[in-house]
1. At a 1.4 Å probe, what is the % contribution of carbon and sulfur to the accessible area of region 215-260?
2. Tell me the Kirkwood radius of region 30-97: reciprocal of the mean inverse pair distance over distinct alpha-carbon atoms, in Å.
3. Given the C-alpha atoms of region 176-331, compute the convex hull and give its volume per residue in Å³.
4. How about region 191-263: which trypsin sites (Lys or Arg not before Pro) there are in a DSSP loop, with at most 13 other Cβ atoms within 10 Å of their Cβ?
5. Please give the contour-minus-distance gain from ASP217 to ASP26: 0.36 nm per residue of separation, less the Cα-Cα distance, rounded to one decimal in nm.
6. Heavy-atom accessible area per residue, region 223-290, 1.4 Å probe: how many Å²?
7. So which lysines can LYS299 reach, going by Cα to Cα under 29 Å and dropping same-chain residues fewer than 8 places off?
8. Would you list the P(r) distribution for region 1-144, with all Cα-Cα distances sorted into 5 Å bins from 0 and each bin expressed as a whole %?
Amino acid sequence: MKILFYSTKPYDKVWFEPMGKDFGFDVHFVEMPCNRETIALAKGYDAICTFVNDYIDASMISRLYRMKVKGILLRCAGFNQVDLKAAKGKITVLRVPSYSPEAVAEYAMALLLTVNRYTHRAYTRTRDFNMNINGFMGTDLHGKTAGVVGTGKIGQAMIRILKGFGMHILAYDPYPNPSLDVEYVSCEELMRRSDVISLHCPLTEETKYIINQKTIDLMKDGVYLINTSRGQLIDTESLIQALLAKKFAGVGLDVYEEEEGVFYEDRSNDIDIIKDENLVRLTAFPNVLITSHMGFFTKEATREIARVTLENAYALENGNPLVNEVVWDRG
């Protein structure tokens, strides 16, 4: 099988290059993202491999189909960036549903601890030998209520961590897991009662902008909000207005709804970056911490992503059961 990898960075090759050889695949890497302009590069390949900020729409599906590309390998859990309806019956779509839930959950907790105790700002201050701690007062997490939206594998890992801090856990999920020792409530009740809200759900039509002006109004004053899932779970305009109104004690974002073309790239010398006024405004709030979609970024997780992605390709090539296939079956 000949596979073209889009949006590749040096750290992608660490695992995919040697593992690809072990599987007997002919793997090729390009740094360019997968989009309408670059899809022509897939000609002559059996499969393409894309990442979270690549997109594949219906017109691109048609072009891939005409080029006889058999598979789209998503080296991520999310699949909202692919037009699954257009792909059905033409091209097989496979994802990595779980690589290291602990990696993302641990990072979500790191964001919470950082915005709560201001360690990122304290680091900058003390490097200038300013040892003043004024303005850095946090709050005890022990005994507080944490609301976890989405109780899949990452949500469950987050619940275990939060319980270790002695927090009471509320959970919202359309498909509750009865084996979990948590209090399942409606989304509205979770918003009202939680001191901390952490998002661990996929991006779907139902979850898009689950954090909006209406749900923010339900929240307590001084709530903490953490998002390590997908940027479009949060309506950025509503978030900014709430920050201006001092609704949140702290916000930790590892994702952003307009992150395509920005996250994973060095834009430090690009004056055009300031055209994204919302991103610039968010970075200006002292109680907001934004990182570049790196919650997954551990040795264990990246190795597992490579293994499962290539196993998916092997199953596709050899007619084995496609346990990680994503198929459109509903509107």
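The values are calculated or read from the model by the stated rules, or taken from the named source; none is laboratory data. Being a predicted model, the structure only gives us computed values, none of them experimental. FYI the Cβ positions are ideal-geometry reconstructions off the backbone, even for glycines, and counts take in every protein chain you see. For accessibility, only protein heavy atoms count, side chains too; no ligands or nucleic acids. Shrake-Rupley method; radii C 1.70, N 1.55, O 1.52, S 1.80 Å.
1. Details: 650 of 1540 Å².
After summing per-atom areas, the C and S share lands at 42 percent.
2. Working: mean 1/r = 0.0856 Å⁻¹.
Answer for region 30-97: a Kirkwood hydrodynamic radius of 11.7 Å.
3. Working: hull volume 28.5 nm³, N = 156.
Each residue corresponds to 183 Å³ of Cα convex hull volume.
4. On the way: sites: ARG192, ARG193, LYS208, LYS214, LYS220, ARG230, LYS246, LYS247; in loops: LYS208, LYS220, ARG230, LYS246, LYS247.
Hits after loop and neighbour filter: LYS246.
5. On the way: separation 191, 0.36 × 191 = 68.76 nm, distance 5.28 nm.
Result for the pair: 63.5 nm of gain on full extension.
6. On the way: 3100 Å² over 68 residues.
Accessible surface, normalised per residue, equals 46 Å².
7. LYS2, LYS9, LYS13, LYS21, LYS153, LYS163
8. 2, 8, 15, 16, 13, 9, 7, 7, 8, 7, 5, 2, 0
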